[in-house]
Amino acid sequence: MDVARCVAPVECAGCGMPDVPLCQDCASAWWEPPLRCEEGAPRLMVGDEALLPVWAIAPLTGEVHEVIAAWKDAGRRDLDRVMQAGMERLAGAVAPAADLVVPVPSRPGASRRRGADLTWALARGAARALPGARPMRGLRLGAGESRGASARQRWRAAQGAIGVRGELKGRVLLVDDVVTTGATLAACSLALSEHHAEVVGALVLACA
Ligand SMILES: [Zn+2]
């Protein structure tokens, strides 16, 4: 007998259908052909040129949006494997050759609340499909080094900053859950480029 099921009834994260974590209809969106989506993310565009190519499994609409929200914010750890498998398939289908698969860093508070570092899980999923690539937590939040600034200015700088940790060399594939404006991916890409890593692209679950 499935004890967890008695305590908390399972329902489809997309549409609420009882007794399944993800019903077939809602799961089907994750099996569509991948999308290229950097041109829909204004912060990734410099004039007509994109900073990097971005691929998504699906548009961030309807059930896909519901599923990602349930996974991120409603504690649906039972979807971790679905999300990882989706990322693995996406990487296998479209990702350029890479040496490192680096997740966009999660806020420590968010990882604690969720009981998992979700972008790290996605990066590990993607790396499974890429021979020769390994996942690495190569970025962190809060890099702002601004000596001489006031404590408040330093704090503010650190909130938005992305820093590189460790030795990051070679071709880097970024991984995030969703892309909307592209500001976060742009900041990550910039930080990596400043450390002479070559950013070959980014994979996300969904794009707005
Ligand atoms: Zn459903």
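The numbers here are math on the coordinates, done by the rules we state, and not lab data. Remember, predicted model here, so these are calculated numbers, not experimental data. Don't worry about glycine lacking a Cβ; one is built from the backbone with ideal geometry, like all the others, and counts go over all protein chains shown.
Protection proxy ranking, highest mean first, for peptides 70-83, 95-108: 95-108, 70-83, where packing is the per-residue count of other beta-carbon atoms within 10 Å, averaged. The calculated FRET efficiency for ASP78 paired with ARG171, based on their beta-carbon distance and R0 = 45 Å, is about 0.85. List the DSSP H helices in the chain whose Cα atoms stretch 18 Å or more along the helix axis and whose mean Kyte-Doolittle hydropathy is at least -1.0. Answer set is 80-94. Sorted on the mean count of surrounding Cβ atoms within 10 Å across their residues, most packed first, peptides 128-138, 54-64 read 54-64, 128-138.
Sorting 174-180, 109-115, 22-28 by their mean Cβ neighbour count within 10 Å, with the most densely packed peptide first, gives 174-180, 22-28, 109-115.
Nothing charged except the Cβ atoms of Lys and Arg (+1) and of Asp and Glu (-1): what's the magnitude of the dipole of the stretch 11-207 about its Cα centre? Round to the nearest 20 debye. If you can, show how the numbers build up before the last one.
Numbers: 23 positive and 22 negative charges, 225 e Å.
With only Lys, Arg, Asp and Glu charged at Cβ, the dipole is about 1080 debye.
In this simple spin-label approximation, ARG36 and ARG107 carry label points 7 Å from Cα along the Cα→Cβ vector, and these lie 3.4 nm apart.
Each of ALA116 and ALA97 was given a label point 7 Å from its Cα along the Cα-to-Cβ line. The distance between the two points is 3.2 nm.
Dividing the helix sum by the residues of the chain, where each DSSP H run of 4 or more adds -39500 (n - 2.57), gives a mean residue ellipticity at 222 nm of -10500 deg cm²/dmol. Note on the stretch 11-207: Cα convex hull, mean projected area over all directions, 11.7 nm². The stretch between MET45 and ALA183 holds 48.7 nm of extra length on full extension. This uses 0.36 nm per residue minus the Cα-Cα distance.
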